[in-house]
Structure formats: structure tokens, C-alpha cells
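A.B. asks: Dropping a structure here in C-alpha cells format, bear with me for questions.
The values are calculated or read from the model by the stated rules, or taken from the named source; none is laboratory data. What you see is a predicted model, and the numbers here were worked out from it, not measured in a lab. Neighbour counts are summed over all protein chains in view; Cβ atoms, including those assigned to glycine, are modelled from backbone coordinates with ideal geometry.
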Amino acid sequence: MKTTESALGKSVLRREGAAKLRGDAQFIDDLPRDGAWFAGTVRAKVPHARLLGVRRDERFDWDRVVLITAADIPGENVVPVVLRDQPSLAEDFIRYHGQPVALVAAPDQETLALALESISVLTSPLPPVFDIDESLEAKTIIFGEDNVFRTVEINKGDATAALQTADVVIEGEHHTGAQEHAYLEPQGMQAEWTGDGITIRGSMQCPYYLVKAVAELLDLPQEKILVIPHLTGGAFGGKDDFPTMLGGHAALLAWKTRKTVRLIYERGEDMRFTSKRHPARIRHRTGFTHDGQLVGMQVEMVLNGGAYGTMSPLVISRAAIHAAGPYQCDNIHISARVVATNHPPSGAFRGFGAPQALFAVDAHLDYCASQLGVDPLELRRKNLIRRNGTQATGQNVGDDASAGEVLERALQESDFVARREAYAEFNREAESRRGADRFPRRGIGLSLFMHGTGLSGYEEVFFHSGVALHGNADGSITALTSQVEVGQGTRTIVAQLAAEGLGIPVEYVLTEQPDTNQHPDSGPMASRTATIIGGLLITAGKRFRAEVERRQGSLLPDPLVFRATVAKLVAGGERLEVREHYSPPPEMRWDEEKHQGDAYPAYTWSCCVAALEVDTLTGEVAVLDVTAVQDVGKVVNPMFAAGQVQGGVAQGLGWALLENVVWKNGVMQNANLADYSIPTAMDLPPIRAVFLEHPQHRAPHGAKGLGELPMEGPAPAVVNALRSALGIHFRRVPVTPEIILPAWEARNLE
Amino acid sequence: MNNDHVFRFHVNGHPVEAQAPPMQRLLDVLRDTLLLTGTKNGCGRGNCGACTVIVNGQAVSACLTPVVQLEGADVQTVENLSDHDCLNSLQQSFLECGGTQCGSCTPGILMAATAHLRRGGGTNTEELREMLAGNLCRCTGYIKIIESMQQAAAAK
Amino acid sequence: MPTIISDHQVFTPRNLAEALQFMAQHRDEGWRPLAGGSEVMTHIYDNRAAATGWINLAPLRDQLAGIHEDGILEDGIQEGCIHEGGWVRIGALTTLTELRRSAVLQTICPLIRRAAAATGGVQRQNRATVGGRIVSASPAGETLPVWLALDAEVELSSRDATRCVAYRQFIQEPRQTAIASDELLTAIMIPIRARPNPRLLFRKVASRAAGAIGKMVFTAIAGLDAAGHYQDVRLAFGGMGPLPLRACGAEQLAEGHAPSDALGAQAANQLSAELTPVDDLRSTADYRLRTARNLTRAFVAGHIGIAGHIGEQPS
């Protein structure tokens, strides 16, 4: 008799990998066209205005197409995300350039193009508001009474008093830019009228959002709405909240036409009019003793939420919780606001507010070290959170405290100290070299950070994640979750985790494309597949096995016997199904209003080292290599985990150095994949991912979140490396050559 | 206005007669007419490489290739790489090394890599980075794509 | 108007004579040549195409693609030098990939290979043609400053005549050239000129390492005579204005002097008077000028640039 070897920690091959490699994995735009109509969006061409109506050019034969405006919506005209402030189609006001005003469906693309050309939006302009300060002045109101979507305050001790008595107080203001997700598959939805309801297929992360949204929009019961997330070609948060609007649009057209309607964005439309990462301005006032002990932190952060609330109220929460970084300080005040402007709505993006907060705190800390005359490594060692240390929310991290360990390991893996010295020597000698070698300067820098696993306490309950396992006639077991495969490897990982709980080979577990009829709501996003959902799957697996063994009346350690037993029971007409729902660990306490308590069940700790070379003739930066060390508790699939880290670091390097959204009157000017420059293979260095695995008892089965984390390290590491190379502290990402070169030249004139 | 013409060329070894307006993109002919949807429409401007196919031995963007210029051409798409369900060695390396994540860029990268390896292009990391520069990937940071290509090349 | 692809007409000639005959008959009717299509297709789908009638040049590849040396020195090519006497003729339909792989061009002037390699990715290089790039005259086209620096001439053919025009004169206005509506650009001619101790530079400065349109492009060529003085200095830029251009003032300033930091600084200062770049979505006027000054200063001072043969194999 043989028992099953655990599949956890094995690089199990990607389940849908072969289909993707053969080219027969279908994304939404690959579905057969069979009679489907093509849809397009009529958009406002001003950033802020009163909407007067639409004018149809009567030279076009409007009987050839179907047109929908807000007046045609049978239910409530709302995109229900958090605040319910966003209409599906504009009704009274235009709040951003590109806001959908009407929808058109046509039998073919040329007719659609002509129809879209034959309609114009009539508006009466209002003064637009684009930046944070203008929004805070509240002379022009876009949202509520003061343009603030949400304010989060976190208090620990008495920061004001601490800063008054601190030996040294250092201030710093940092800025981060918008970032485009640039998933390779543009947004798309296909909706089909089924006689008394709607079936929607599309590229998305969160199918359950869409069920609720479409039911409200069409005034139909939720059970009449079936959402089938399609294989999704990259998401990064961009297909979290936005598809709630897009799927609603497709559903409206399917309802009106009684046909199947495809609404697929082309790349430029996707880049101009879908959400971006929230731009941020973050101010720090930080108090130290003379020898570098952190005694007080004040953080004042404002995020630019764009025209509507979308995910902003949750993004600002995560930003605030992460704002003090992985540092121990007894007196902290964090004030975080997210405000409305006439930009397209900002939305979810890998890291969900934390990257902005962590960039500012770790770049600032490195700067503080330079002001204090202390080695930044020593400053971190002195102040990082240790065992039983407390976060800004008062959360005692207990033994979930690997900040020091990831730091030391990263120093060792990257040979940090020796290289820092070698680069300093290289830079000192630069001018004495001949030829082209006199121009480059080199630097190495690091960032230390953490990321809360799963959603914050409040959100996780809100999403009441669930999973189910059921037995099949052939003895295999299907794992049901609504976790969508967006490239992260969900299907494979879900099978690994369910197999672990069941104690059977991973091949015996089937994972299906989820749909909202059969699959329980496992909640969306936020690096949760391996952790929250994984925990549920393992528990469900154990219960499933116990149930089978109970009915059989004996233990079934041999997987073949177990499988045969499942088959026999199912054949005998028995229903084998186990469901599990998330409830937070009983000792977790969270006060949402005060943002006090246990924000997350666990934290992933990480240190990112970046070495780079600056061409001082042009200010161009070449990253030489990156080392990312993280304690993830438990690695479920090493190949996937390394892939997540490498991809996340790449996206973080893009945000840090290259990806500059150029705005003009609230419209992205460089909305194509050449001028908006995500990194190519030639821009990226070798990226090493090193994992520590300290199982965390409050994290289900020990695994902590991974997907978002690696995005967060590069920006502060790059800015810190630039200071090491040039002796200049940069306060903004992306830190482009247009910023670097003048700063370097000004410094050399001094 | 009907401006369709018939264009004759080969796709994946099979003769094809495509009826289309002359400036129709090869991308649309492949995806809409021939239902070969493995070739992806990532940007439509030749910036992302997702629609890379091999025309007469060379990697090109199907979105920038008008069908009128394909008369008599030999076009190969990702659907031609594997023998039925059996992955070829390059595809198998991508599976084993983690060279595909979301999969949108994958067909284009496989075709660019195939053209490169077939003509005996270099396989050190720098050469492969340069060869990949016309193919964007947002998931992998390219590391495992390069490893996949090197494993496939080494197996030859 | 939206993109209606079926509105676009195409005439496919069988050979050059037929193409030129068609152009003569249909001059001023708005027909435009279609070479590799990479620019034209982008323009069509961005609704920026100036024409809806296209002359498909694909069948003319046999006649109009290829790199030939005319009147090359009998005693072989001296590596890395730009030779006296004769021309290299590059057919207009030669692709950028063919430029990259040409052993002849690598020897005549490795800058051409670098400029071709800096244009887009492999996919674009396989389709984009030398002639297409010249005629579309994108302000930051990578190869264009190189033609300028090499004193290249373009060959323009019509049914009734063939003429050669200095590339410098050929580019007149942004995105416009001195080509008549019945003329086809059939080749670019590179004069083979000897420079003693040549030093060469090609730099594209862009938002990323590949696949982005340049913020600025700089190419420089200079010889050093026996006394160690500059001879035949060429400093050419793209992206510094609507047209590729040469910084003639800075060239003259350097001419006849020995490289030095002081000379580099003077040349850089001269640039500020000569170049008036603008802000656009890709960069700022300030950054472009700083970069142009720095690269010029470093080149004229003798710090950067490759001396003669650079040891690269065409790939």
C-alpha cells in the first residue's frame, strides 16, 4: 500500500499551460463570432461638464444599430463597488474625459464604427480639477461635500508630543505616479440574452461583483445572472473593479438587443479609459534620538482617486496600514485621504495602495540615515519590528517578525556591503578614467517592507470567502472556488492545496473554470489563493476525506483505494460535497473605524536589493541586478512563486523608472504600448527570488500572500540605489532621466 | 463598399484562399476568417508582439501586415508548432520552466523564438533579450522565458 | 472618419516599370507607395493615413532590395574606414534586418547596423524598409541622422527620369520630402569617403531600451588628421526638431582642432544656439538639449565613440 506524497512545495506544471502554448486556450476575444453583435462606447470628450444629451446624426440609419443611454436602463444606473457614486452611463454630469455616455451595438464592425462617428455628446463645461491640492481646496466639488472619498486616521501613542521632544526631526515629501496595468489582453466582455436572464463571459478577476452589479442594473434577480470568468490574460487589479462597469455595459446591450453582444476594448481605449494605480503625495515627519532611535512618525498621505470612488475606500485603508513600514515606533500618527479629481477613476492595482506608502517610508528612512550620518543598514537594524513588536494599528506581530532576517539574508545574498564599497570606489575614480568609462556611476540600495496577507480584517469578512469540494463518478474530486486564472497559476495551486487536504495525488483533483452558479464566492484578488483560499481548501479536503472514511467505515490511506471508494459512493447515488467558509482567527480583533487591532492574520516580510548604473551624460538608468528575499511562510509551487516575484519586480521597476503616464486635460497622451513604456526584455536585469519559509500559525497552513508583495520593493530600492550612485535623494517615481539629469548637473555646479 | 479580393497563400502548410479587402490585416484574416485565434491581438500597432507569426521564415507582426502583401507567402502560426496534442520541445520547455503565465504574450513569443532558433540565432542571455525586445510580457519579467528558450536550445 | 478598411484600394504592379507607369498616369490622385507597411498600417488604424489608395511595392523586392557596392576600391576594403571613391547603393526595399546583417555595411559604417538594430523589435525590422523610413520622415527615425551624417543621396525614379538628391536637401518639411507625386524613392546612395582615424557614434535615447520612439537620436562621425586635428566632422540629430538635422555650427567649431575638454564644451555651447527642441509627450526640450549637449561634448572631447572597426559580427 502506498500513501500520497505531498504536492505542496513542488513545481507542479501549469494545468492550462499546454493549451496556452498550443494556442488553443481561448480568451474572450477568441470565442467564435457566431452571429454576435459588436459593441462600442460613446464617450464624453471633456473632463468635467454638465451633460445635456446626445445628438444623433440623422444621415445615419439608426435602425441598423441599437443605442442605449442612461434613460434606457431598467434598473438602477450604478456601478456598485463600494460607494455607489458611479453611474453606469453618465446621466447629469461628466466627471472625466472618456466617461461612457451611451452604448451602441451593431451587426458588424464597420456599421458600429459609422454609428459611433454619427453621435456626439452635448455638454456644458465645468472647471476641471486634476491635482490633489486643487481637489482639497474644494472650490469645485466633484464628490460629496469636500471631494474626499475616505479619510483613514491611525493613532498610536502621541506622535505630536514625541516629535516635539525628539532630538532630530526630519521631513520629506514623496510623490508616486499613475501606473497603467498593461495586461497583455485588453478588457473584454461578451453577454448573451438567455430568454429570461443574462450570461456574461469575460476577462475578469471577480465574477461575483458582476452578478450583483448586473442584477441591479437590469432589475433582475441575481439567479438570472450567470457570470463565467474567462481565461484572463493578465489582470494585476485592472480586472478587479473595472469589469463591473464593462460587464454591465455588455449586459445592457444584450438585454436590449436580445442577442449576444461582444464589447472588447482596443488597446488605446483600454489605456485611456480604464483605471490606473492611484497617484500619491506622502509627507513624513520623523523624529529620532541622536543615535537613530525612531521615536515618532507623522505620515500625511493623499491619493488621487480620480472621478469616482471605485475601490478607493479600501485602497486607502491598506495604504494607511502600511504607511509606517516594517518599523517599530511607539508614537505614530497616520492621516490618509483619497480625493476626487477629473481623471479617469483610479482603481485596484497590485499592492492596493501599499506600494505608494511603502515607497515613501523606505525612501524617507534611507534619506533620514543620510541626514543623521548613520549607515542606512544600521538605522534599519535599530528600528525594524522584532518579535512581539507592534504595528501602527497596535497589532502585536508575535513571532511573525522576519524583517531582520530577510534584511540580513538579502545583504548576504546580494553581497551588499562589499558591492556598496566597490561602487563607491568606482564612483570616486570615475573622473580619472579615460574614455566612456568616466561617465557611469554605480549604486546599490535596498528596501525593507511587509505586506499584509489577504484582505484587511474588515474586508475579509465582508467577502465571506467560500470553497467547495465534490466527488465525481470516476472517483476524482472537483475543487470549486471562484478564484480566476489570470496567469498566477490558480488552477494548479488550488489543485495542489485541495490534494494536500485530501491526501491524494494532485492529478485526482479537477479544477474547473468557475461560474457563479456552481462555484461559491471565494472573494477576489489580493494574493489570497495560496493563503485564505488555500486554508479553506485544506480544511475542506480533510473534512471530505473524513466523510468518505466515515461512510466507508475505515481509514483509506491508499490513494487508489480512496479514489475507488469515492467512485463507488457516488455511483451508489451518494452526494459527496463539502463546503468551507472563511472566518477570521477567533483571537483577531479589528476596529474598522479607528483602524486599530489585527489588520491582517499575517504579514509577508521582504527585502529587495537593486544595483544600478547611471549614465551621467543622459541620466539613463540600467538596473544591473535585483535580489528579492521574502518570508512567505510556505511556498506552494516554487516555480510559480519565483515567476510571481520576477514579474512583480519587473512591474515595480517599470513603476520606479519607466512608466510615466503623460496627462493633458485629464487624458492619457501616451496611450499606446510604445510611448507608455513597460519594460522590455532589454530593460530588465537578472532577478533572483529567495524564499524563507517560516510557517505562520495564523496564516492558514502557514502560507502567506505573495502576488502583490514583489511589486513593492523595487521603487524604494531604486531611489536608494540612486542616492548611493549620485548622492542625490529623489522624491518621485517614476524617476525618469528628465528628473535625474538636471538634478545631477545642478549638484555638480554647486 | 465591397472591395474584397481573393488572396492565395499558405497557412501552416495548407493552401488558403482568403477573400478580403487588400489592406485587411493578416491578424484579422487569421483570427476571423481562418479561426486561428492562437495569434493574439494585443495592441494592433506593432508594439507588443502578441500577434507575431512567421512569414517566409521571418517573424513579423500580423497586425502590420496587409493581406495584399502575402500573395504566395508561407505563413506559420502557433497552431502549427505542436503535433496534435504533443508539445514540441520549445513548448515543452516553456511548460517546464514556467515560461508562460497568463498566456497572452505566449504565442507571439513562441513564434519569435521559433524564427530565431530556426535561423541559428544566438542563445546567450543577451542575444535572447535583444531577440525578445519586440515582445512584451507583463507577467514573468522575461527570466523564465529566457530560461525556457535556453533549455530548448540546449536540448537540440 | 473611422477606419473603414474596405475603403482602401491597392494597385499591385508586377515590376518597377509598371509601378512608375501607374504613378505617371495617376499622379496627383493621392496614391501612395506601400513598402513594408509598418508605418502605413499604423497610420490607417490611427486614422492618420493621408491616402486611401496604395501602390503595393512587394513584387518589386527583386529590383529594389539589396546592398551593392559601386566603384569600390579594387584593393579590398579596409576595415572600419569610410572609403574614398565610389558608392554603396542600398535599394529602397531593403529591410532593416538586411541592413543589420550586411557585412558590407558593417565594414563601411557600423553606425548603420546600430541604427537599424535600434529601430523597434525584430518584427518591425523584418518588415520596415530603408525607403519607407526615409519617405515617412518620422522626426526621430533612427536611421535618418545616419544618412545625414554620411552625406547620403536618395535616388528618385519616375517613368521619364531618374535623379539623385542629397538627403539633406530631400527633407524639407516635417513628414514631407522633395519627392514628386509621380516619383518613387528607389535607393539611397552612400558615398564612400576616406577619413583618417575615423571615430563614430550612434546613440538613441528613449524611454526604454527597445521598442520606443526616441526622445533624441545622435550620430557623429569624425576623422583625425595626421596632426591629430578633426577632419570632416558630422554631428547629426533626430528628435531635436521636426526634421533630422546637422549641427553645422558645432561641426565647424570642432573642424581643424584637436579633441579636448575645452573644445567639447565649446561645441556643446554652440548647440544651444543651433538646436531648438520642443516639449512633447516623449520628453522635454530641456532634457533633449542637455542630452544633446552632453553627448556632443563627450564626443568632441574624444571620450566617447568607437574607433574604426568595432569587432561586431552582423547578426
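A.B. asks: Does any residue of segment C:206-225 turn out to be in a loop (DSSP other than H, G, I, E, B), of a type in the set (Ser, Thr, Tyr) and under 24 Å from residue C:297 (Cβ atoms)?
C.D. replies: Among the residues of segment C:206-225, at least one is in a loop (DSSP other than H, G, I, E, B), of a type in the set (Ser, Thr, Tyr) and under 24 Å from residue C:297 (Cβ atoms), which makes the answer yes.
A.B. asks: Next question. Please specify each residue of segment A:218-239 satisfying the condition of being within 14 Å of another protein chain (Cβ to nearest Cβ) and not aliphatic (A, V, I, L, M).
C.D. replies: Within segment A:218-239, A:229, A:230, A:232, A:233, A:234, A:236, A:237, A:238, A:239 qualify.
A.B. asks: Hey, another quick one. Among B:30, B:35, which is the only one that is free of Cβ contacts under 8 Å to residues at least 12 places away in the same chain and aliphatic (A, V, I, L, M)?
C.D. replies: Just one listed residue meets the conditions, B:35.
A.B. asks: I'd like to know if segment C:153-160 contains one or more residues that are among the hydrophobic types (A, V, I, L, M, F, W, C) and closer than 15 Å to residue C:91 by Cα. Reasoning before the result, please.
C.D. replies: Keep residues of segment C:153-160 that are among the hydrophobic types (A, V, I, L, M, F, W, C), which gives C:154, C:156.
After this cut, where a residue has to be closer than 15 Å to residue C:91 by Cα as well, the list is C:154, C:156.
The answer is yes; a qualifying residue exists.
A.B. asks: So, one more: When the residues of segment B:53-86 are narrowed to those that are closer than 21 Å to residue B:17 by Cα and hydroxyl-bearing (Ser, Thr, Tyr), which ends up surrounded by the fewest Cβ atoms within 10 Å (Cβ to Cβ)?
C.D. replies: Filtering segment B:53-86 down to residues closer than 21 Å to residue B:17 by Cα leaves B:53-57, B:60-80.
Applying the additional criterion that residues be hydroxyl-bearing (Ser, Thr, Tyr) yields B:61, B:65, B:77.
Working: B:61: 37, B:65: 28, B:77: 25.
By that ranking, first place goes to B:77.
A.B. asks: So which helices (runs of 4 or more DSSP H) are wholly in segment B:76-156 and hold at least 2 residues that are out of contact with any Cys (no Cβ under 8 Å at 6 or more places or on another chain) and within 14 Å of chain C (Cβ to nearest Cβ)?
C.D. replies: By residue number, B:106-118, B:125-131.
A.B. asks: Consider only pairs whose beta carbons are under 6 Å apart and that are at least six residues apart or on different chains; among these, list those whose first residue lies in segment A:726-750 and is in the same structural domain as residue A:430 (by TED's automatic domain parsing) and whose second residue is outside any loop (DSSP other than H, G, I, E, B) and among the β-branched types (Val, Ile, Thr).
C.D. replies: Hits for this filter: A:730/A:719; A:733/A:176.
A.B. asks: A further question follows. Would you say residue A:617 is more than 13 Å from every other protein chain (Cβ to nearest Cβ), under 30 Å from residue C:298 (Cβ atoms) and at pLDDT 95 or above?
C.D. replies: Criteria not met by residue A:617.
A.B. asks: If you don't mind, there's one more thing I want to ask. Answer yes or no: is there a residue in segment A:565-573 that is in a loop (DSSP other than H, G, I, E, B), assigned by TED's automatic domain parsing to the domain that holds residue A:488, over 30 Å from residue A:737 (Cα atoms) and at pLDDT below 95. Lay out the reasoning, then the answer.
C.D. replies: If we filter segment A:565-573 for residues that are in a loop (DSSP other than H, G, I, E, B), which is where we start, we get A:572-573.
From the residues that got through so far, the ones that are assigned by TED's automatic domain parsing to the domain that holds residue A:488 too are A:572-573.
Within this subset, residues satisfying the condition of being over 30 Å from residue A:737 (Cα atoms) are A:572-573.
Retained after the next criterion (residues that are at pLDDT below 95): A:572-573.
Within segment A:565-573, one or more residues are in a loop (DSSP other than H, G, I, E, B), assigned by TED's automatic domain parsing to the domain that holds residue A:488, over 30 Å from residue A:737 (Cα atoms) and at pLDDT below 95.
A.B. asks: Turning to a different aspect of this structure: Out of curiosity, is residue A:656 closer than 30 Å to residue A:475 by Cα, among the aliphatic types (A, V, I, L, M) and either modelled with pLDDT under 95 or not in a loop (DSSP other than H, G, I, E, B) (or both)?
C.D. replies: no
A.B. asks: Select the helices (runs of 4 or more DSSP H) contained entirely in segment A:370-443, then report the ones holding at least 3 residues which are of a type in the set (Asp, Glu).
C.D. replies: In segment A:370-443, A:403-414 are the helices (runs of 4 or more DSSP H) which contain 3 or more residues that are of a type in the set (Asp, Glu).
A.B. asks: A further question follows. Filter segment A:403-452 down to the residues that are polar (S, T, N, Q) and either under 17 Å from residue A:720 (Cα atoms) or in the same structural domain as residue A:320 (by TED's automatic domain parsing) (or both), then identify the one that is surrounded by the most Cβ atoms within 10 Å (Cβ to Cβ).
C.D. replies: Only one residue fits best here, namely A:447.
A.B. asks: For segment B:1-50, give me each residue that is part of a loop (DSSP other than H, G, I, E, B), away from chain A (no Cβ under 11 Å) and under 20 Å from residue A:23 (Cα atoms).
C.D. replies: Hits for segment B:1-50 are B:13, B:34.
A.B. asks: Another one. Looking only at segment A:175-218, which residues are closer than 23 Å to residue A:35 by Cβ, buried (at least 22 other Cβ atoms within 10 Å of the Cβ) and of a type in the set (S, T, N, Q)?
C.D. replies: Within segment A:175-218, A:187, A:190, A:203 meet the criteria.
A.B. asks: Sort out which residues of segment A:183-225 are in contact with a Cys (Cβ under 9 Å, 6 or more places away or on another chain) and either in contact (Cβ under 8 Å) with a residue 60 or more places away in the chain or of a type outside the set (A, V, I, L, M, F, W, C) (or both), and write them in order of number. Before you say what the answer is, go through the steps one by one.
C.D. replies: From segment A:183-225, those in contact with a Cys (Cβ under 9 Å, 6 or more places away or on another chain) are A:183-186; that's our starting set.
A:183, A:185, A:186 - these are the residues of segment A:183-225 that are in contact with a Cys (Cβ under 9 Å, 6 or more places away or on another chain) and either in contact (Cβ under 8 Å) with a residue 60 or more places away in the chain or of a type outside the set (A, V, I, L, M, F, W, C) (or both).
A.B. asks: Output the residues belonging to segment C:23-58 that are in a helix (DSSP H, G or I) and either surrounded by fewer than 19 Cβ atoms within 10 Å (Cβ to Cβ) or facing another protein chain (nearest Cβ under 7 Å) (or both).
C.D. replies: Matches in segment C:23-58: C:24, C:25, C:38, C:41, C:42, C:43, C:44, C:45, C:58.
A.B. asks: Also: Farther than 30 Å from residue C:6 by Cα, over 15 Å from the mean Cα position of the chain (by Cα) and not assigned by TED's automatic domain parsing to the domain that holds residue B:27, is that true of residue B:103?
C.D. replies: Spelling it out, it is not the case that residue B:103 is farther than 30 Å from residue C:6 by Cα, over 15 Å from the mean Cα position of the chain (by Cα) and not assigned by TED's automatic domain parsing to the domain that holds residue B:27.
A.B. asks: If you don't mind, another one. Is it the case that residue C:307 is within 12 Å of another protein chain (Cβ to nearest Cβ), farther than 28 Å from residue A:677 by Cβ and modelled with pLDDT under 95?
C.D. replies: Considered against the rule, which asks whether it is within 12 Å of another protein chain (Cβ to nearest Cβ), farther than 28 Å from residue A:677 by Cβ and modelled with pLDDT under 95, residue C:307 comes out as yes.
A.B. asks: Might you check whether a residue that is at pLDDT 95 or above and surrounded by fewer than 21 Cβ atoms within 10 Å (Cβ to Cβ) occurs anywhere in segment B:138-147? So that I can check it myself, show each step before the final result.
C.D. replies: Taking segment B:138-147 first, the residues at pLDDT 95 or above are B:138-147.
Right, trim to surrounded by fewer than 21 Cβ atoms within 10 Å (Cβ to Cβ) and you get B:147.
Yes, segment B:138-147 contains a residue that is at pLDDT 95 or above and surrounded by fewer than 21 Cβ atoms within 10 Å (Cβ to Cβ).
A.B. asks: Out of curiosity, is residue C:156 in contact with a strand residue (DSSP E or B) (Cβ under 6 Å, 6 or more places away or on another chain), among the hydrophobic types (A, V, I, L, M, F, W, C) and more than 21 Å from residue C:304 (Cβ to Cβ)?
C.D. replies: When the stated conditions are applied, residue C:156 passes them.
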